[in-house]
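The next block holds one structure in the form of structure tokens; read it before the comments.
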Amino acid sequence: VQVMYGDDPPPLVLMGHSMGGALAVRVAHSHSLPSLSGLIVVDVVEGTAMDALSAMQSFLRSQPRMFPSLPSAIEWACRTGQIRNVESARISMPPRLSPAVSAAAATQSESTDEQTAAGERVAGQQSSAALKGISEDSADNKEAACGDKSSPTTTATGATSGASSEGSMPPPDIPPPAVQPSGFAWRIDLTRTERHWEGWFKGLSSYFLDSGVPSFLLLAGVDRLD
């Protein structure tokens, strides 16, 4: 906010869904935004969230660790009921995943990069050696040999330099083959954050009521209300 608006920010409304809603509540309760004028929390309440934590590990274990393609991930989200709208799944699923590269492909890519770098070093050494053979008697010839390769020049040794001279042209810039992803994995491993789960939602109800600004709670159904 400071970077975007400086010392005079406009009235702000914080809005967050699920864990983002819990974060929005804590920011509002901290009173760290003087221009905050409203709070909107979508589909998260303390009691329901705390009760759901006991089943979170089982839920995460039931998820596939990897998908062969993005369409398969979108299809899984709709089929399991995690997302009930295909268009929503097409928007929300890809950012949650990242391309996964197999260990063999990664090793092959590193080897290719090393070979390319080594080839460039050798080509550079050969190019430097070839340039040393160019006559220094004529400054014009030297400038043409190192600069404008479209006009052939003759060196003191009688060899023609330019586009047809061996060793005087830089090696072709051939990029290594792109490594194709072996699938798509979850971008964030939530199982590694388990020790923080309770802290995300504990005290959420009191923080929401004491936010000090007009607050609005939007739930998917009354069954999720504490």
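For segment 1-108, count all C-alpha to C-alpha pairs, find those more than 21 Å apart, and express that count as a whole percent of the total.
Taking all Cα-Cα pairs of segment 1-108, the fraction more than 21 Å apart is 59 percent.
What does the charge add up to near LEU60, with Lys and Arg as +1, Asp and Glu as -1, over the other residues with Cβ less than 15 Å from its Cβ?
Net of charged neighbours comes to +4.
What FRET efficiency, computed as 1/(1 + (r/R0)^6) with R0 = 22 Å and r the Cβ-Cβ distance, is obtained for LEU190 and ASP43, rounded to the nearest 0.05?
My answer for the efficiency is 0.80.
How big is the Kirkwood radius of segment 1-57, worked out from every pair of different alpha carbons and given in Å to one decimal?
In segment 1-57 this quantity evaluates to 12.7 Å.
How far, in nm, would the chain grow between ARG84 and VAL1 when pulled straight, counting 0.36 nm per residue and subtracting the alpha carbon separation?
26.5 nm
Rule-based calculations on the coordinates, nothing more; no lab input. Just so we're clear, the structure is a prediction, and the values are computed from it rather than from any experiment. When we count neighbours, we look across all protein chains shown, and the Cβ atoms used for this are built from the backbone with ideal geometry, even at glycine.
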